[in-house]
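To start, the structure itself, in structure tokens.
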Number of protein chains: 2
Amino acid sequence: MEPRILSGKVLSGEIEQELRRDAAALTAGGTPPCLAVILLGDNPASHTYVRNKIKAAERVGIASRDRFMPATTSQAELEAEISALNADPAVHGILCQMPLPEGLNAERVTRLIDPAKDVDCFHPFNVGLLAMGIPRFYPCTPAGVLELMSRNGIEVSGQHVVILGRSNITGRPLSLLLSHKGTDATVTVCHSRTRELATLTRQADILVAATGIPQWVTGEMVKEGAVVIDVGINRIDDASRKQGYRLVGDVDYATVAPKTTAITPVPGGVGPMTITMLLRNTIQAARMAGDSSAI
Amino acid sequence: MEPRILSGKVLSGEIEQELRRDAAALTAGGTPPCLAVILLGDNPASHTYVRNKIKAAERVGIASRDRFMPATTSQAELEAEISALNADPAVHGILCQMPLPEGLNAERVTRLIDPAKDVDCFHPFNVGLLAMGIPRFYPCTPAGVLELMSRNGIEVSGQHVVILGRSNITGRPLSLLLSHKGTDATVTVCHSRTRELATLTRQADILVAATGIPQWVTGEMVKEGAVVIDVGINRIDDASRKQGYRLVGDVDYATVAPKTTAITPVPGGVGPMTITMLLRNTIQAARMAGDSSAI
């Protein structure tokens, strides 16, 4: 039987419709949601990411403020900009696109952003709330994974989820969210030092790949009937494409897909969900700003 | 072969010797370490805990300030006390014994304590640093478990650790600490909703029980040769004892111990380590206060 394809592209479009209504209601209520995006330097990939985030915000009716600053910006100038955005009641979400140009202190920047406007959920205070099971914001990629499963009727309660990768962006916060009371998955986090990895992955009811290694998960590592979520987006050379490359995930789709009951494609799986979750967090931040008792 | 008994009682005594030297050096350097302990009401168990913490602090040369307040203390009065301790440069660690009397907001109290003095590591900011792999303080019970293993030469890197229980005090922070880079255990967190639990526990190289259910882990749930860490401390009726009860862990010692290579006793295992780790955090807080660049 063919596996179900969990399309983040389709789902993110549906969620954007909901967010558009939410944004319109907030605007009508006098709190037009607004996302500030800071970008330093001219890294082309970062510019693409930021452009996509701003375009998506505009699609759903979230105003954006872009702060494009030169690569020569000093730490003090960057921090002054963040402080100004923190103090601006019209701004509800602030994100600073990483990586920063060399010499700047990303940790200080992350901690300076007002936790109430930290729509990436990277501030230690918000990560702490998440770890404690009382999240204010859901970090975007893990939230996208959860949403992709729940909106496709994939039950995680009582399931054994094996996560490959322990990054602070995906693997680690996803493991926390999945094992919370009320979500109730049994979670194993694997990484480069894990022994007998395939023995563990073959036990997974749901296998999440977030290693950054192209096509690393192969069919023999997957249980028959599993759900596979592929968080990876990697470029590999492909002379047959006019760009000279193609995008693949951390999963070897050709050998893995036939064993699964559901699987995310790459591209068009988790990727599009991540930006949509950023928009959802911005709407939520605007809602909390409009209702000060919620903070 | 008899398992090795991982005695927290013996080890905590050894670590106290080291902490006594650290405290003396700090005092000689003009920063006598000081722990403030707040206790509201007259819950006998809480009084015992607090008394034990204060006695242990005094043993190693940490000054203590006890703030015993009536059960009728208002939220505002409690918060004023914490703010005063936050502002007092002679106080390095602050803990507020839980649970609070009914009607008081524990969450607000936890967040009010200066993170630099949060020696319990309960503040969301500190929990976040821990989750991000850059802990300032190690929460006491998980730190005690790690120390008990490392000082007994039990290697956790590459081992499969199965943790039973997902509390914010033990299971969850321990899972984060164990899977950090440099510690490198492969960690599975199990809980009341986990299916086929024994299948998972029987795969554990190291099994940690933190469920609060007396003698729940039995021999058939444990792999031959495993290391078993019992975090539970439960009273069960025992008419043969003059108190009418005895203390048991979450592990059924009689059936489990013969299968292990090493096991913690209850009492005298993880329990004594917890207070010692609180003292270590207080020393560390005093050190950071003396060296402002470290914060």
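The values are calculated or read from the model by the stated rules, or taken from the named source; none is laboratory data. These numbers were taken from a predicted model, which means no experiment stands behind them. Counting neighbours? That spans all protein chains shown, and the Cβs are built from the backbone with ideal geometry, glycine included. What goes into the accessible areas is simple: the full protein's heavy atoms, side chains included, and nothing from ligands, DNA or RNA. Shrake-Rupley method; radii C 1.70, N 1.55, O 1.52, S 1.80 Å.
Quick look at the values:
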read-out: Filter result (in a helix (DSSP H, G or I) and touching a residue at least 24 places away in the same chain (Cβ under 8 Å)) within the stretch B:15-37; value: B:Ile15, B:Glu16, B:Leu19, B:Arg20, B:Asp22, B:Ala23, B:Ala24, B:Leu26, B:Thr27
read-out: Set B:Leu112, B:Leu129, B:Leu95: member being open to solvent by 50 Å² or more (accessible area, probe 1.4 Å) and among the hydrophobic types (A, V, I, L, M, F, W, C); value: B:Leu112
read-out: Test: residue in the stretch A:135-148 that is more than 21 Å from A:Val256 (Cα to Cα) and out of contact with any helix residue (DSSP H, G or I) (no Cβ under 9 Å at 6 or more places or on another chain); value: no
read-out: Residue check, A:Gln97 touching a residue at least 60 places away in the same chain (Cβ under 8 Å) and of a type outside the set (A, V, I, L, M, F, W, C); value: yes
read-out: Of the criteria (1) among the charged types (D, E, K, R); (2) surrounded by 14 or more Cβ atoms within 10 Å (Cβ to Cβ); (3) more than 20 Å from A:Tyr49 (Cα to Cα), which one A:Asp118 fails; value: (3)
read-out: Members of the stretch A:61-92 found to be assigned to a helix (DSSP H, G or I), free of Cβ contacts under 8 Å to residues at least 40 places away in the same chain and open to solvent by less than 50 Å² (accessible area, probe 1.4 Å), listed by number; value: A:Gln75, A:Glu79, A:Asn86
read-out: Total residues in the stretch A:191-225, condition out of contact with any helix residue (DSSP H, G or I) (no Cβ under 6 Å at 6 or more places or on another chain), within 12 Å of chain B (Cβ to nearest Cβ) and not charged (D, E, K, R); value: 8
read-out: Qualifying residue in the stretch A:177-184 (condition: without any contact (Cβ under 8 Å) to a residue 12 or more places away in the chain, part of a helix (DSSP H, G or I) and over 21 Å from A:Gly219 (Cβ atoms)); value: yes
read-out: Subset tally (residues that are part of a loop (DSSP other than H, G, I, E, B) and polar (S, T, N, Q)) for the stretch A:1-14; value: 1
read-out: Considering residues of the stretch A:141-172 that are in a helix (DSSP H, G or I) and open to solvent by 10 Å² or more (accessible area, probe 1.4 Å) only, the residue farthest from the other protein chains (Cβ to nearest Cβ); value: A:Glu147
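Each row is one residue, and each column tells you yes or no for (1) open to solvent by less than 30 Å² (accessible area, probe 1.4 Å); (2) assigned by TED's automatic domain parsing to the domain that holds B:Val162; (3) outside any helix (DSSP H, G or I); (4) in contact (Cβ under 8 Å) with a residue 24 or more places away in the chain.
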position	(1), (2), (3), (4)
B:Gln215	no, yes, yes, yes
B:Glu224	no, yes, yes, yes
B:Ala239	no, yes, yes, no
B:Ala257	yes, yes, no, yes
B:Thr276	yes, no, no, yes
